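Reading through the structure tokens given below for one structure.
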Amino acid sequence: MEYQIEAVQRMQDYIEEHLDQDISLNELADAACFSPWHSYRLFCQYTGTSIADYIRRLRLSRSALRLRDEKVKVADLAFDLGFGSVDGYQRAFLKEFGCNPSQYAKNPGPIGLFTPYGVKYKSRYEEKGMEKTKTVFITKIEKPQRKVIIKRGIKATDYWEYGEEVGCDIWGLLISMDKEPVSLWLPKAYVKPGTSVYVQGVEKDLDYNGPVPEGMDTIILPQAEYLMFQGESFEEADYADAIRQVWDAMDKYDPSILGYKWDEENPRIQLEPRGERGYIELKPIKRI
């Protein structure tokens, strides 16, 4: 089964690298090292979607991010991302997100972006030893009072349980609202009865009055100090080890050497694991 997962991952990587080009099934089959028919079947089996739909949704979501963040013409964007015509792109965008590209560019709001996950990295953390000790950098930072728009789970205490309860599509919605969504372990005071400790959301300024998607809550977090733990950069396949190394450093660290103790009244914050910057987690502290 591992060789099948590796084959699908190679197809996903090929799509990512050639998203602005025409992508044929034969090219993906060459990347997978299987026949076109078998490659297509494996892709559908492990991603839960067809190759064409996967590429279309990924292109549309990338286009939405560019409309949000750049001054770009709809026509240029349509052809940059391989759509055959501007009309075809506009119809596809409307069907996917419920608004046309020009409207979204003028007034970006929360939309359900497609955020594919590499099939190679979907399995839970495997218990294995560290190959070598790596440096974890620690920085004291301060967060202001702020609003956080969150999507609650049911009983989740970590990312994997949360994904099973809420689904992975929530991350796409959050990215449409902010470039850096967060995951939080909430203190008891912020947990509603029958909901999870672990949530995902976006941090906004205290005066934010923009839209809040249906099914999400807004909480207000106070000004607080944090220790930010950041590991070294890592290869995507080693993300589980990278997380464990930071967690191990957090468990061993004694904030009293700085005149602080751990603050149980503010949430622990997890940022998206990205190999190029290292795994990052923030743990709240307060003066002794």
Whole angstrom only: what separates the Cα centroid of segment 132-155 from the Cα centroid of segment 31-71?
31 Å
Go through segment 270-275 residue by residue and turn each phi into a ³J(HN,Hα) via Karplus (6.51, -1.76, 1.60, θ = phi - 60°); whole Hz please, and just put x for glycine and proline.
10, 9, 4, x, 10, x
What list of ³J(HN,Hα) couplings, whole Hz, do you get for segment 17-25 from phi and the Karplus terms 6.51, -1.76, 1.60, once you set θ to phi - 60° and write x for glycine and proline?
7, 10, 5, 8, 10, 5, 10, 9, 5
Linear extension gain, residue 30 paired with residue 16, 0.36 nm per residue minus alpha-carbon span
3.5 nm
Contour minus Cα-Cα span, residue 100 to residue 6, at 0.36 nm per residue, comes to 30.2 nm
Using only helices, what value at 222 nm comes out for the chain when you add -39,500 (n - 2.57) per DSSP H run of length 4 or more and divide by the total residues, to the nearest 500 deg cm²/dmol?
-11500 deg cm²/dmol
Just the number: Rg to Rh for the chain, Cα atoms, Kirkwood Rh, two decimals.
0.99
List every residue whose amide H lies under 5 Å from the amide H of residue 274, counting only residues 5 or more places away in sequence or on a different chain, with H placed 1.01 Å from N in the peptide plane.
280
Between segment 204-239 and segment 162-198, what is the separation of their alpha carbon centroids in Å?
10 Å
In a GNM of the chain with a 10 Å cut-off on Cα contacts, which of 262, 247, 37 has the highest mean-square fluctuation?
37
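Computed from the coordinates by the stated procedures, all read-outs in this text should not be read as laboratory data. Since this is a predicted model, take the numbers as computed values, not measurements.
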